[in-house]
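The structure appears below as structure tokens.
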Amino acid sequence: MDMLIFEVGVAVALITLTGLISARLRFSVIPFYILVGMAVGPHAPQFGIVDLRFIESSSFIEFMGRLGILFLLFYLGLEFSVSRLLKSGKAILTGGIFYVALNFVSGLLLGWFMNLPLQETMVVCGIMTSSSTAIVAKVLVDLKRTANPETEIIMGMIMFDDLFIAIHISILTGLVLSGATSFVSVLLVSLSALLFIVLFLIIGRKSIKYIDKALNIKSSELFLLTIMTLLFLVAGFSETLHVAEAIGALMIGLVLGESRHVSRIEQQIMPFKDFFGALFFFSFGLTIEPSSLGGAVGMTLIAVVLTILSNFGAGMIAGKMAGVSNKASLNVGFTLVSRGEFSIIMANIGKAGGLMASIQSFAVLYVLILAVLGPILTKESPRLYAQYERFRNREKRKETG
């Protein structure tokens, strides 16, 4: 009997239940989606017609997860503005550069320490450099910190990080997925991918008035179909040029983000982003065998420590450049600790390229720990700073006494 639709229904029911639990706990839903995916799958039991192994539907759920990546990146592109980033000031630019550099170097150090091959090391660098835009934005809203002076710095730095990650994904695609073997061939593939991205954005921005005219469509159905056509054609065409489909989705989002129809596009796309995005995290969890995670614990704990230290340093530098207090600077660094969607996209590139399976296990543990720890550190940053000030004052009194 064909159980595909029923199994998808069970998967959506599990995701919904998980979402309700996380909402009740007032916590980021991303680690919960991954965990429920890991709890079921090939190792799970079957209860009558409820088959938690998802044998018939696993490939279909994986495909819907791919759609989730496209909608997540497309929506990010709609929210992102390169011109706004350039206008956001020297402090944000400097902080963003230090943030990317410190976290990327941490990935290189971890790869060297764990004796990883070059491709695996580059994937690890991407996993460790990419903060979670979704978690950071949600935490800032939940803690009512959107009006804080440091929030502009945080959002500027995360925009810079997203821009870097887009470039890094295109390079990784050339390195891991293109089949290129020599340094020269990898470089050529990567450069051609970057050239395509730059040309697409330039042409897209110059064509926006014509796109706006074409999008003057009264029918909501035809408007949505037109947007979906652009999204899937650009994402699919990008993949033929060794540019990840996710980057194609991001690029068309960046172009349409300059459109006067952007609010209408966001309104139409958001339900798809939320639904398929949830399936993306769930499907990632489905691919993970929980018993395989033990071998990545040591590597993950080192990475977590390196990430917290790197974020602390980048936050203090950005805060000092912007002229905000040390307390606000600490909040900048800790708010950006969370990891989520982009780290998983990086891990999926490694999986698609047939890299070491331990990279998937590392990504799971790393995202789970920091998706939980990041919001906690953000919430408790004022108390942590108060503790630090008490300790520093006590040490000063000892020195003077």
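The values are calculated or read from the model by the stated rules, or taken from the named source; none is laboratory data. Because the structure is predicted, anything quoted here is derived from the model rather than measured. Here the Cβ is made from the backbone with ideal geometry for all residues, glycine too, and neighbour counts use every protein chain on show. Just the protein is used for accessible areas: all its heavy atoms, side chains included, with ligands, DNA and RNA removed. Shrake-Rupley method; radii C 1.70, N 1.55, O 1.52, S 1.80 Å.
Against the set [x] 66, 52, 37; [y] 80, 56, 49; [z] 79, 51, 42, the structure's computed Cα extents along the principal axes in Å falls on [y]. The GNM of the chain, with springs linking C-alpha atoms under 10 angstrom apart, assigns the highest mean-square fluctuation among L20, L306, L78 to L20. In the chain, the sites counted are trypsin sites (Lys or Arg not before Pro) in DSSP loop states with at most 15 other Cβ atoms within 10 Å, and the longest stretch holding none of them, exclusive of the sites, is 261-401.
The charge dipole of the chain, taken about the Cα centre with unit charges on the Cβ atoms of Lys, Arg (+1) and Asp, Glu (-1), comes to about 1660 debye, rounded to the nearest 20.
Checking the table K206/K273; K144/K379; K144/K327 against a 22 Å threshold on Cα-Cα, which pairs fail?
On the way: K206/K273 27 Å; K144/K379 11 Å; K144/K327 17 Å.
From K206/K273; K144/K379; K144/K327, over 22 Å: K206/K273.
For Y210 and A352, a Förster radius of 35 Å and the Cβ-Cβ distance give a FRET efficiency of 0.50, rounded to the nearest 0.05.
Can you tell me what percent of all Cα-Cα pairs in the range 220-368 are more than 22 Å apart? Above the 22 Å cut-off, the range 220-368 has 58 percent of its Cα pairs.
Once every DSSP H run of n ≥ 4 in the chain is given -39500 (n - 2.57) and the sum is divided by its residues, what mean residue ellipticity at 222 nm do you get, rounded to the nearest 500 deg cm²/dmol?
Values: 17 runs with 309 residues, N = 401.
Calculated at 222 nm, the ellipticity per residue is -26000 deg cm²/dmol.
The distance linking the range 262-277 with the range 25-54 is 25 Å (Cα centroid to Cα centroid, whole angstrom). D2 sits with roughly 120 Å² accessible to a 1.4 Å probe, with DNA, RNA and ligands left out of the calculation. What percent do you get for the relative contact order of the chain when only Cα pairs under 8 Å and 6+ apart count? Result for the chain is 29 percent. Over all pairs of different C-alpha atoms in the range 1-75, the reciprocal of the mean inverse distance, the Kirkwood hydrodynamic radius, equals 13.3 Å.
Note on the chain: with a GNM built from Cα contacts shorter than 10 Å, the maximum mean-square fluctuation among G19, G107, G48 falls on G48. Between the range 305-375 and the range 113-150, the C-alpha centres lie 3 angstrom from each other.
Among the helices of the chain (complete DSSP H runs), which have Cα atoms covering no less than 18 Å along the helix axis and a Kyte-Doolittle mean of at least 0.0? Intermediate values should be presented prior to the final figure.
Numbers: long enough: 4-25 (32 Å, 1.92); 58-79 (31 Å, 1.33); 90-113 (34 Å, 1.49); 151-172 (31 Å, 1.66); 183-206 (34 Å, 2.33); 220-240 (30 Å, 1.55); 262-286 (34 Å, 0.71); 297-322 (37 Å, 1.62); 357-400 (55 Å, -0.19).
Length and hydropathy pass: 4-25, 58-79, 90-113, 151-172, 183-206, 220-240, 262-286, 297-322.
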